[in-house]
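Undergrad: Okay, handing you the structure first.
No lab work stands behind these numbers, since they all come straight from the coordinates. Every value quoted in this text rests on a predicted model; they were computed, and no experiment measured them. Using ideal geometry, Cβ is built from the backbone for each residue, glycine included, and neighbour counts are taken over all protein chains shown.
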Amino acid sequence: MDDSRPKLMIPGPVDIPEDVRAALAVPTMPHYGRDWIRMVGEVQEMAKRVFETQNELLVMPGTGTMALEAALGSALEPGSAVLVPVNGFFGERLVTIIESLGLLPVRIDVPPGEPILPEAVAAVAAGHPESLALAVVHHETSTGVLNPLEGIASVARERNLLLVVDAISSLGGVPVPVDTWAIDVCVTVANKALETPPGVALLSLSSKAWQLIAARRAPRGWYLDLRTWQWYAENWADWHPSPVTMPTNIVNALHFSLLNLLEEGIEVRHAAYRKASSIVRQGLAAMGFAMLAEEAYASPLTTAFKMREEVDAAGLQQALLQTSGIMVSGGIGALKGHILRVGHLGLARRHDYSVAFLLGVEAYVRRCGVALPVGISLQGLEHVS
Ligand SMILES: *Cc1c(COP(=O)(O)O)cnc(C)c1O
């Protein structure tokens with residue numbers, strides 16, 4: 001890799017392992033015919049193992065937002081009420097999508113940095129028996145909070161709500177057992193924990209989701225109508241299983257990345273993220289930084305930390321980029337200037353990324369006039385083996 005290029009320690013997109021990048025460079029294959037059917041079929045089968053589902057799984061060109069919009073718009077008739085817990089930027093984004101489709105969001109607001117608790121969802125759901133669906137973000141990437149999805153999912157199950165989950169930045173990084181938790185629509189993308197360049201979204205759909213999709217009447221376009229995708233998957237299965245041209249090089253890279261993940265072991269990969277985040281958090285804490293999220297709800301995939309008084313967020317972000325060649329993210333909205341976010345997905349799960357980041361922070365904090373013992377930021381390495 002080019003050394004002058006910054007290392008990505010942002011929540012996404014992520015730095016991709018070299019063998020996965022190399023898989024992009026194969027000659028472009030057509031999105032039909034026997035070789036393609038085999039490749040995309042294997043991608044679906046491998047992805048189902050990561051989703052822990054037997055549900056049908058679609059691979060669509062585009063982003064995660066596109067897949068969420070396609071699923072909500074295909075399954076729900078305009079005017080339907082949808083419960084939406086919001087504890088950050090991506091929860092707000094869900095509300096925006098829901099409104100744009102003519103659906104009626106029923107918000108459950110939680111302060112950013114705090115988790116969405118199942119009891120809060122249950123209380124609002126009880127007051128809104130007209131609701132047909134519950135749409136929720138699993139890992140709120142804007143704050144690093146991992147919402148307790150298992151409990152939220154049981155509220156949806158008890159009330160027979162269609163459960164739509166934005167697992168865009170969590171799936172592959174932490175367990176998301178789709179069938180066990182009865183997630184009707186689960187959406188992720190290639191370029192977060194699946195460690196592949198951006199270009200495709202993956203979504204699983206339960207039989208309940210397909211029933212609603214089949215019953216929906218109002219016009220809903222063609223491309224983003226999941227009936228279109230289902231029709232091609234069924235009727236052109238042995239030749240051309242998607243309605244449009246597919247980014248076949250991206251799917252080839254995803255095939256490679258999923259093979260790597262399953263070979264390495266999903267649990268081994270999860271442990272690598274836990275370890276990287278733990279090293280970073282212990283080092284930051286040793287330098288006097290507080291974390292935004294309470295430990296019990298902090299995801300191992302993104303760490304959001306608050307500034308110490310002497311340290312300016314934008315200054316630290318700039319210094320990391322210029323001096324250490326590391327790109328991290330700032331806060332969004334009201335958190336801007338108050339926190340920085342460091343991602344652990346992709347190559348950022350490696351030790352050299354964490355160490356370079358911590359030493360860069362340490363040097364900058366010292367430049368801000370704080371006397372820190374040399375190497376104090378690396379003490380997490382001793383405790384995490
Ligand atoms: C990155 C992200 C998105 C946006 O995904 P796109 O692929 O850019 O549409 C949505 N939700 C969450 C939680 C994310 O982390």
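Undergrad: FRET efficiency for A214 and V26, Cβ-Cβ distance as r, R0 = 41 Å, nearest 0.05?
TA: Computed FRET efficiency for A214 and V26: 0.65.
Undergrad: Would you mind calculating the gained length between R107 and D312 on full extension (0.36 nm times residue separation, minus the Cα-Cα distance), in nm to one decimal?
TA: Separation in residues times 0.36 nm, less the Cα-Cα distance, equals 70.4 nm.
Undergrad: If I model a spin label at I376 and L321 as a point 7 Å from the Cα along the Cα→Cβ vector, what separation in nanometres do I get?
TA: 2.8 nm
Undergrad: Would you grab the residues whose amide H sits under 5 Å from the one on D184? Only those 5+ places off in sequence or on another chain, please, with H modelled 1.01 Å from N.
TA: Amide H neighbours of D184, under 5 Å, 5+ apart: L163.
Undergrad: At a 10 angstrom cut-off on C-beta neighbours, averaged per residue, how do the peptides 79-87, 281-289, 19-27, 366-374 rank from highest to lowest?
TA: 79-87, 281-289, 19-27, 366-374
Undergrad: Next up: Within the set of other residues whose C-beta is less than 13 Å from the C-beta of M29, count the net charge using Lys and Arg as +1 and Asp and Glu as -1.
TA: +1
Undergrad: Still on this structure, I have one more. What is the spin-label model distance, in nm, from E42 to A182 if the labels are put 7 Å beyond Cα along the C-beta direction?
TA: Label-label distance for E42 and A182, simple model: 3.6 nm.
Undergrad: First measure r as the distance between the Cβ atoms of D238 and E158, then evaluate 1/(1 + (r/R0)^6) with R0 = 41 Å and state the FRET efficiency to the nearest 0.05.
TA: Efficiency, rounded to the nearest 0.05: 0.50.
Undergrad: Computed FRET efficiency, Cβ-Cβ of A334 and E295, R0 35 Å: what is it to the nearest 0.05?
TA: The pair A334/E295 has a calculated efficiency of 0.95.
Undergrad: Across the chain, how many lysine pairs separated by 8 or more positions, or lying on different chains, have Cα atoms within less than 29 Å?
TA: Pairs that pass both the separation and distance tests number 14.
Undergrad: Between region 81-133 and region 255-317, how many Å separate their Cα centres?
TA: One Cα centre to the other: 27 Å.
Undergrad: Please list the non-local residues whose amide H lies under 5 Å from the amide H of G331, H modeled 1.01 Å from N, same-chain partners needing a gap of 5 or more.
TA: Here the answer is G337, H338, I339, since their amide H atoms fall under 5 Å of that of G331.
Undergrad: Same structure, new question: Quick query: amide H of L103 versus all other amide H atoms, modeled in the peptide plane; which residues come in under 5 Å with a sequence gap of 5 or more or a different chain?
TA: The list, which skips near neighbours in sequence, is G79.
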